[in-house]
Amino acid sequence: MKEIILAKTAGFCFGVKRAVDTVYNQVEEAKKAGAMVYTYGPIIHNEEVVKDLESKGVKIIPDEESLRRLASDCSKECLVKLIIRSHGVGKHIYSLIEESNIEIIDATCPFVKKIHKVVSEESQKGSVIIIAGDENHPEVQGIIGWCETKPYVVDTIEKTENLTIDAQKNIIIVSQTTFNSIKFKELVEILRKKYYNIDVYNTICNATDERQKEAKDLAASVDAMVVIGGKHSSNTQKLYEISKKECRNTYYIQTLVDLDLTVIESAKRVGITAGASTPNHIIKEVQDSMAELSFEELLNQSEENGNTVRPGSVVEGKVIGVKPDVIYVDIQYKADGIVTRAEYSNTPNLDLTTVVNVGDPITVKVVKTNDGEGQVLLSYKRVAAEKSYEKLEEAFNNETVLTAKVTQVLEGGLSVSVDECKVFIPASLVSDTYEKNLDKFMDQEIEFVITEFNPKKRRIIGNRKKLVAAKKAEDAKKLFDSINVGDVVEGTVKNVTPFGAFIDLGGADGLLHISEMSWGRIDDPKSVLKVGDTVKTFIKDIKGEKIALSLKFDDLNPWVVAAEKYAVGTEVTGKIARMTAFGAFVELEPGVDALLHVSQISNEHIEKPEDVYKVGQEVTAKVVDFKQEDKKISLSVKALLKEEAVEEVPEVVAEEVAEDVTEE
């Protein structure tokens, strides 16, 4: 008999139900008052609901221009009710309506309202707003309309990586309420690596997050999955994408008419979920249609009940043939059974002739009584896996740390084998940070704990993140207990950003800001450090869990001996580092710049430094002023030119005197 499983969260969410109920209630009130009811855009992305409301006289205002026309045409005697849908609208829409005689009924979802408040307040403070979502979706358009400054909208890793934002500004991240929660975490992790001053508001609706998680779990445990919702529904499309990753046989329909029942006829377990804008009566129609057993299914069920060889039963057999990829088994049934390589072991490319011989007894589980070619599909590894369930259940109950090898890298995570029993570790539970490349874990022995154990659904979930986080917390405590401001520490460069580098100190990361990388001027941190470099720094400051590092060691401070090296009257040589209207700054050594005022460049009048010098050009001058406290040095080329001129006169005089002496 087919098992039909309906997701608990399928159908209308709180915000959508509230909006739809509001429209139906307003329709009844409008009839009594003789008023017209409009919605700004379709109230929800479901054609069935929209058509029903249209039949009751509800009209849709498709865009802002149409709304302006309605507002201008609406007189005081004209009774018009305009319902703002759950997606919400921009601030300017309210202003437009308030200037007219239209009555506003605001059905904006409270979760969306919260986002409007956050972006409005934060953008007024000058923060940069980043919205994770579809920029063409009405909800995102509404959020944009509450930003005082132009926000950034991202929905892919590529867009996020290509963002260029002033790193000195505070950055606020929000998301569309129906955005994929896993993708949101991925995008946030990318931004955290690029920028420092980030505040993240996880504004994904709880119902959306729960619905997506339930769809993922359900799809992973069934043979076929049906996702119901409007073709323009963003949250339904995301449910389909999530389900498709877990179950290849996933189908997207709007109503029962779109469902081809033949495609799920052979499925034993079928899951159903629905978008937030799908009415319950449509879900029930689909569910009821699949629950009805065909005559052929009833006949097969009757035959199986009279025979021990049926799906799920464990039978004893004898090996009658072996090939590298398949084992033929006599199970004393009207048809022989086969065990494929995939159903014998989780070991890839295993040659079955090396582990099984003709005549060997074998205990197997029946998967299908007919594999399509008249043979019974059997599984050896499922019997072995069931034997290990007790061990895994005990590990689950006792939170025992297990170690196993990664046998598969899947799109959604890692698969490890424990005595032929597969344990799935979702990508979100592999580490405490986003792991972009899971391939590096292939064939690696990893530690994890079992956090979900459901053998009936063949669902055993491992969690490596918990151990990684615990180890980091332990290492962090040890580190913070042992360090103090001023300590010299050694670490590895973990990430290099435009504003500095993050150094892994073995328990926590320290920030080596660009201004602390050298006593000299650094324009690009990547010119000094690269990921993987080992660097020795000292701790400049500790604030809570934040560690500020510095490479500006006192004994390397060039100003310690500057008074002696650059005393007034000393002739020095350096390179032009930068120029201003009033002069050029000459770098005498990293960390020591001196000013060559424009009036001291030449005996002749110079309009601006660029007329004589170029950045990088070497120049020789005389120190004419030195202020240790202010770390200021003044140079003069003019003074050097005067000295040279004065020195030439004594030489001429000396020569004349020498000639006179010779003549005498």
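The values are calculated or read from the model by the stated rules, or taken from the named source; none is laboratory data. These numbers were taken from a predicted model, which means no experiment stands behind them. So basically every Cβ, Gly included, is an ideal-geometry build from the backbone, and we count neighbours across all protein chains shown. Just so you know, the surface numbers come from the protein's heavy atoms only, side chains and all, with ligands and any DNA or RNA stripped out. Shrake-Rupley method; radii C 1.70, N 1.55, O 1.52, S 1.80 Å.
Quick notes on this one:
- Put 343, 571, 64 in order of accessible area, highest first, and with a 1.4 Å probe you get 571, 64, 343.
- For residue 329, net neighbour charge (Lys/Arg +1, Asp/Glu -1) across residues whose Cβ lies under 10 Å away: -3
- Amide H contacts for residue 589 (H built 1.01 Å from N in the peptide plane; partners 5 or more residues away or on another chain; cut-off under 5 Å): none found.
- Cross-link pairs 8/113; 477/546; 465/543 - those with Cα-Cα distance over 23 Å: 8/113; 465/543
- Amide H contacts of residue 336 (H built 1.01 Å from N, under 5 Å, at least 5 apart or other chain): 376
- Three-way shape label, the range 549-605, alpha-carbon gyration tensor, a/c 1.5: oblate
- Here the simple spin-label model places points 7 Å from the Cα toward Cβ, and for residue 223 and residue 494 these points are separated by 4.8 nm.
- The ratio of the alpha-carbon radius of gyration of the range 158-223 to the globular-protein estimate 2.2 N^0.38 Å is 1.36.
- Surface exposure of the chain, expressed per residue as accessible area with a 1.4 Å probe, stands at 53 Å².
- Looking at the chain, the DSSP beta bridges with both ends there are about 65 percent antiparallel.
- Label point distance in nm, residue 582-residue 538, each placed 7 Å from Cα along Cα→Cβ: 3.3 nm
- At least 18 Å along the helix axis (C-alpha) and Kyte average at least -0.5, DSSP helices within the chain: 181-194, 637-663
- For residue 541, distant residues with modelled amide H under 5 Å away: 548
- Rounded Å value of the spacing that divides the Cα centres of the range 515-540 and the range 266-288: 58 Å
- Placing +1 on the Cβ of every Lys and Arg and -1 on the Cβ of every Asp and Glu, with nothing else charged, gives the chain a dipole about its Cα centre of roughly 3800 debye.
- Taking the three principal axes of the alpha carbon atoms in the range 113-153, the coordinate ranges are 26, 19, 13 Å, sorted in descending order.
- Distance between modelled label sites at residue 121 and residue 258, nm, 7 Å Cα→Cβ extension: 4.0 nm
- Tensor-based shape of the range 1-129 (alpha-carbon gyration tensor, a/c under 1.5 rounded, otherwise prolate or oblate): oblate
- Dipole orientation for the chain: of the candidates 190, 314, 92, 314 has the Cα lying most toward the positive pole (charges on Cβ; Lys, Arg +1; Asp, Glu -1).
- Computed in the context of the full set of protein chains, the accessible area of the chain at 1.4 Å probe radius has 48% of its extent on carbon or sulfur.
- Here the sum of -39500 (n - 2.57) over DSSP H runs of 4 or more residues, divided by the residues of the chain, equals -10000 deg cm²/dmol at 222 nm, to the nearest 500.
- Extension gain (nm, one decimal) between residue 610 and residue 440, 0.36 nm per residue minus Cα-Cα: 55.8 nm
- Peptides 148-161, 461-474 ordered by average Cβ neighbours within 10 Å, highest first: 461-474, 148-161
- Proximal charge balance of residue 436 [Cβ under 9 Å; K/R count +1, D/E count -1]: -3
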